[in-house]
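Okay, so here's the structure we're looking at.
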């Protein structure tokens, strides 16, 4: 079953602007991860935030997690054309005996030069 | 220096054929995965192996059979290919419950 749902499905911005993507999920989680996929390539891990964390930074990326609302957001500041890609959230559902990531459908981000 | 590699990168074949995709990781990870990404970019897990043992087997037709000869390799064999099998197949690896590292994908087209 699908766990994460990203919003919006597509986002188009100008270089230098900030981009915010949201992810909602349904069950309790151990952690939530964000991945990037450039066109025709594999997924690349960006950041992992654990269920007991509320915010995490990595370079121009800021991730927040609200477990009460079962939602997360990914903020990319000062975007660049090279940030153009699809962004996926993935959740690791707690309580299961096997480790499994469930991916959302992704947000397609286009950064125009 | 490639961390997770897959072969072949592209695979075009006729319906009914049998094909295999190979995956190797040199990261020393103990867990490997196969994912299927459809034309709408939806990524779904198919199988997961931990130390050569199958631990996740999602609802996948039994025409798909994974094989893990050792911790660094996870191959996927598909029998009697169907049109609906056309997709991009990704291999990934990780230490258990941590970040997953993905291969470049195998683009399968069944005609």
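What is the number of the single condition among (1) facing chain A (nearest Cβ under 8 Å); (2) surrounded by 15 or more Cβ atoms within 10 Å (Cβ to Cβ); (3) more than 25 Å from residue B:14 (Cβ to Cβ) that residue B:96 does not meet?
Every condition holds for residue B:96 apart from (2).
All but one of (1) over 16 Å from residue A:100 (Cβ atoms); (2) more than 14 Å from every other protein chain (Cβ to nearest Cβ); (3) not in a loop (DSSP other than H, G, I, E, B) hold for residue B:5; state the number of the condition that does not hold.
(2)
Which residue, of A:13, A:47, is over 21 Å from residue B:87 (Cβ atoms), surrounded by 14 or more Cβ atoms within 10 Å (Cβ to Cβ) and within 11 Å of the chain's Cα centre (by Cα)?
Selected residue: A:47, the only one of A:13, A:47 that is over 21 Å from residue B:87 (Cβ atoms), surrounded by 14 or more Cβ atoms within 10 Å (Cβ to Cβ) and within 11 Å of the chain's Cα centre (by Cα).
Only one of A:95, A:40 is surrounded by fewer than 18 Cβ atoms within 10 Å (Cβ to Cβ), within 12 Å of chain B (Cβ to nearest Cβ) and modelled with pLDDT under 95. Can you tell me which?
It is A:40.
Could you list, in sequence order, the residues of region A:34-81 that are closer than 14 Å to residue A:109 by Cβ and out of contact with any strand residue (DSSP E or B) (no Cβ under 9 Å at 6 or more places or on another chain)?
Once the filter is applied, which keeps residues that are closer than 14 Å to residue A:109 by Cβ and out of contact with any strand residue (DSSP E or B) (no Cβ under 9 Å at 6 or more places or on another chain), region A:34-81 yields only A:78.
Out of all the residues in region B:76-84, is one or more more than 14 Å from chain A (Cβ to nearest Cβ), touching a helix residue (DSSP H, G or I) at 6+ places or on another chain (Cβ under 9 Å), modelled with pLDDT of 95 or more and surrounded by 16 or more Cβ atoms within 10 Å (Cβ to Cβ)?
Within region B:76-84, one or more residues are more than 14 Å from chain A (Cβ to nearest Cβ), touching a helix residue (DSSP H, G or I) at 6+ places or on another chain (Cβ under 9 Å), modelled with pLDDT of 95 or more and surrounded by 16 or more Cβ atoms within 10 Å (Cβ to Cβ).
Keeping to region B:16-26, report how many residues are surrounded by 13 or more Cβ atoms within 10 Å (Cβ to Cβ) and touching a residue at least 60 places away in the same chain (Cβ under 8 Å).
Final tally of qualifying residues: 5.
For region A:101-112, check the following and say yes or no: at least one residue is over 26 Å from residue B:31 (Cα atoms), in contact (Cβ under 8 Å) with a residue 40 or more places away in the chain, in contact with a helix residue (DSSP H, G or I) (Cβ under 9 Å, 6 or more places away or on another chain) and surrounded by fewer than 12 Cβ atoms within 10 Å (Cβ to Cβ).
yes
The values are calculated or read from the model by the stated rules, or taken from the named source; none is laboratory data. All values derive from a computational prediction rather than experimental measurement. For neighbour counting, all protein chains shown are included, and Cβ atoms are generated from backbone atoms with ideal geometry for every residue, glycine included.
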